[in-house]
Amino acid sequence: MASLKNIIIEELRGVSEIVKPEEVDLSSFVMRNTLNSKIWKSEDKIDPKIRKQLLKIADDFVEFLDIPWVEVIDVTLTGSLANYNWSEYSDIDLHIIFNFQDINENEELVKDFLDSKRKIWNDTHNITIYGFEVEIYAQDINEPHTSTGVYSLEYNKWVIKPNKLKPRFDKILIKKKASELMTKIDDIIEMYHEGKYERVVNESEKLWEKIKKMRKAGLEKDGEFSYENIVFKVLRRSGYINKFMKIKDQAYDILNSI
């Protein structure tokens, strides 16, 4: 029978190096004095050329959905580019608002359909405006607001106007949680390189569910400046989400190929 020492050595073999909290970079999470001047003409009005282009993109996406009986209620810009916490990593979060009940009474089915179409659209297109990637999201009219900045492109005015109050981040907690998740992702990537594809699939699915639930809980509780949402953004800005999803998908494809 293998000794406890040998079992521990075997378990540790190939495990990635631990990401330390002090290695987590939070330098991009700052509040600016102004909205992004490439997007905004003033504190109250978006650049009309950008507004026109975003509305065209929204119209093209609605046509792609192929549900002509449904009316678009509003098209909004939200996220950090509709706020004072924008950075070079920001996306243009373009939300197209429907009443899901007008599409089908089964709202869960509608959400799954729209999420699938959105993913296909975003994967197929790489639209940028002044270097910021346009990300489309189909939103139900009854979905609670979590953003502190929402601008109606249809009506050309703020729905929720952001303020310059500096949010208080628990940097120690954010760095600790982000470093833990980064280490887990590195461990899964190491498993992939060792050919443990089934374990990669199982572990990555559990971890991804954990990350999504963490972010959702944070948004519902404290909004976009919750520590959970900041942790998610740290993972995305550092490239961890992207490489994690690639490894997850590659392992699944290898495992199910003959």
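Some observations on this one:
- Residue among Leu165, Leu173, Leu153, Leu207 that is surrounded by 14 or more Cβ atoms within 10 Å (Cβ to Cβ) and under 22 Å from Leu77 (Cα atoms): Leu153
- Residue within the stretch 216-227 that is more than 16 Å from the chain's Cα centre (by Cα), more than 30 Å from Asn104 (Cα to Cα) and either open to solvent by less than 40 Å² (accessible area, probe 1.4 Å) or among the charged types (D, E, K, R) (or both) present: yes
- Positions within the stretch 28-56 being more than 30 Å from Arg168 (Cβ to Cβ) and open to solvent by less than 10 Å² (accessible area, probe 1.4 Å), in sequence order: Ile50, Leu54
- Some residue of the stretch 34-57 being of a type in the set (Val, Ile, Thr) and modelled with pLDDT under 95: yes
- Residues of the stretch 240-258 that turn out to be within 15 Å of the chain's Cα centre (by Cα) and either open to solvent by 30 Å² or more (accessible area, probe 1.4 Å) or aromatic (Phe, Trp, Tyr) (or both), as a count: 5
- Taking each residue of the stretch 103-114 that is closer than 16 Å to Val72 by Cβ and looking for partners that are at pLDDT below 90 and open to solvent by 90 Å² or more (accessible area, probe 1.4 Å) with beta-carbon atoms closer than 9 Å, six or more apart or interchain, yields Ile103/Trp69.
- Residue among Asp59, Asp66, Asp74 that alone is in contact with a Ser or Thr (Cβ under 6 Å, 6 or more places away or on another chain), farther than 15 Å from Leu35 by Cα and open to solvent by 10 Å² or more (accessible area, probe 1.4 Å): Asp74
- Boolean, Asn122 is surrounded by fewer than 18 Cβ atoms within 10 Å (Cβ to Cβ) and in contact (Cβ under 8 Å) with a residue 24 or more places away in the chain: no
- The lone criterion from (1) modelled with pLDDT of 90 or more; (2) open to solvent by 40 Å² or more (accessible area, probe 1.4 Å); (3) out of contact with any helix residue (DSSP H, G or I) (no Cβ under 8 Å at 6 or more places or on another chain); (4) not in a loop (DSSP other than H, G, I, E, B) left unmet by Lys111 is number (3).
- Val70 being assigned to a helix (DSSP H, G or I) and either basic (Lys, Arg) or closer than 19 Å to Arg118 by Cβ (or both): no
- Within the stretch 81-99, being among the aromatic types (Phe, Trp, Tyr) and either open to solvent by 70 Å² or more (accessible area, probe 1.4 Å) or within 16 Å of Pro68 (Cβ to Cβ) (or both) holds for Tyr89, Phe98.
The values are calculated or read from the model by the stated rules, or taken from the named source; none is laboratory data. All figures in this text were calculated on a predicted structure; none of them were measured in a lab. So basically every Cβ, Gly included, is an ideal-geometry build from the backbone, and we count neighbours across all protein chains shown. The area values use the complete protein model at the heavy-atom level, side chains included, leaving out ligands, DNA and RNA. Shrake-Rupley method; radii C 1.70, N 1.55, O 1.52, S 1.80 Å.
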